[in-house]
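A.B. asks: Here it is, the structure in full.
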Amino acid sequence: MNTANKQSPSISDIFFEYAAAFMVVIARDGSIIKCNPSFTNWLHKSVIDTHFPKSVVRGLIREQDKNANHFHTFYDDKLNRLTCWKVAKNDGDELFITGADITVRAQRERNLREEANSDALTKIMNRRGFLTVLRAALNNKANYSLIAFDLDGFKSVNDTMGHSAGDEILTEVAKRVKECTRNGDWVARMGGDEFAILLHDNHSNDILVERLLSKLNEPYVCKGEMVDYISASIGKLDFNTSELGTIEASTLLNISDELMYQSKKQGKNRWSQRTLI
């Protein structure tokens, strides 16, 4: 057998064939000239029938002109897939691009962020997540109400019925708070039986706080038993971010906590209010 004329594949050919990343050569109209197996395996349809949208092609060229190390992300809303692409070479009428499907990675990162900012028991935000939201709100020019409350009588539940019963109460509290708040309001468990809420438009929030106070005072069913001695002490701090000047989110939380303790000293199952000017 004569193999004298048989050419060995080049290193670049080997990389192209076996690379885990997508490697594609496309024309300026988005049609595919050449691609590697990783791309065709991901595509799940004929390469012949596939075109890169012109908007994506323009984006790739534009991003390469700005920064050769920048990846262009593209979301396919029909298949719910997220890909990132980079121009490896811009050769006249052809673009040599590399890419990868980052859907799973992006979802994993999103889940990790949500887990880091949410309370494992109640599934609402935790202190860390709430502080992030409150700091962001301070950069907006708007009216807000910051509410802090804890549960009156909660210690008796843990002492007499156990911590699992207390967890049932906390989960129900989170549910009731969400029923009282609106889309765009933020609810968090700050630790133990302490909760916080950030409300938009403090001019209409008194009614919401009254409803919240009444809702939290309704009896709870815990381990098949009726618990009718739980209530809440609430502190409500109203402020307009454009009038605050420089102030820390932790300072606002401390003030709302002071108002909450004021309600507790005045007899519990009530709320105290202050407008910050």
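A.B. asks: Could you check segment 121-137 and list, in sequence order, the residues that are in contact (Cβ under 8 Å) with a residue 60 or more places away in the chain and either outside the structural domain of Asp193 (by TED's automatic domain parsing) or among the aliphatic types (A, V, I, L, M) (or both)?
C.D. replies: Leu121, Ile124, Met125, Leu131, Val133, Leu134, Ala137, listed by residue number.
A.B. asks: Which of the numbered conditions does Leu198 fail, given that it passes all the others? Conditions: (1) part of a helix (DSSP H, G or I); (2) in contact (Cβ under 8 Å) with a residue 24 or more places away in the chain.
C.D. replies: (1)
A.B. asks: Taking segment 101-151 as the region of interest, how many residues are polar (S, T, N, Q) and over 12 Å from the mean Cα position of the chain (by Cα)?
C.D. replies: Counting residues in segment 101-151 that are polar (S, T, N, Q) and over 12 Å from the mean Cα position of the chain (by Cα) gives 7.
A.B. asks: Name every residue in segment 223-248 that is at pLDDT below 90 and either in a strand (DSSP E or B) or on the phi > 0 side of the Ramachandran plot (or both), in order of residue number.
C.D. replies: Selection gives Lys223, Gly224, Gly245.
A.B. asks: Contact list please: Cβ distance under 8 Å, first residue in segment 222-235 and in the same structural domain as Ala165 (by TED's automatic domain parsing), second residue among the small types (Gly, Ala, Ser) and part of a strand (DSSP E or B), pairs at least six apart or on different chains.
C.D. replies: Short answer, once both residue conditions are applied: Ile234/Ala148; Ile234/Ser272; Gly235/Ala148; Gly235/Ser272.
A.B. asks: Looking at (1) crowded, with 16+ Cβ neighbours inside 10 Å; (2) more than 26 Å from the chain's Cα centre (by Cα), can you tell me which one Asp185 breaks?
C.D. replies: Of the numbered conditions (1) crowded, with 16+ Cβ neighbours inside 10 Å; (2) more than 26 Å from the chain's Cα centre (by Cα), the odd one out for Asp185 is (2).
A.B. asks: Mind checking whether some residue in segment 163-183 is free of Cβ contacts under 8 Å to residues at least 60 places away in the same chain and on the phi > 0 side of the Ramachandran plot?
C.D. replies: No, the conditions are met nowhere in segment 163-183.
A.B. asks: Follow-up. Please find, among Glu17, Glu63, the residue that is at pLDDT 85 or above, more than 30 Å from Phe130 (Cα to Cα), among the charged types (D, E, K, R) and in a helix (DSSP H, G or I).
C.D. replies: Glu17
A.B. asks: Here's a follow-up. Hey, could you check segment 43-56 for residues that are touching a strand residue (DSSP E or B) at 6+ places or on another chain (Cβ under 7 Å) and assigned to a helix (DSSP H, G or I) and say which is surrounded by the most Cβ atoms within 10 Å (Cβ to Cβ)?
C.D. replies: Val56
A.B. asks: Within segment 238-248, identify whether any single residue is out of contact with any strand residue (DSSP E or B) (no Cβ under 6 Å at 6 or more places or on another chain) and under 18 Å from Asp193 (Cβ atoms), and answer yes or no.
C.D. replies: Looking for residues that are out of contact with any strand residue (DSSP E or B) (no Cβ under 6 Å at 6 or more places or on another chain) and under 18 Å from Asp193 (Cβ atoms), one finds none in segment 238-248, hence no.
The values are calculated or read from the model by the stated rules, or taken from the named source; none is laboratory data. This one's a predicted model, so the numbers in the text were calculated from it and none came from an experiment. Here Cβ is always computed from backbone atoms with ideal geometry, including for glycine, and neighbour counts include all displayed protein chains.
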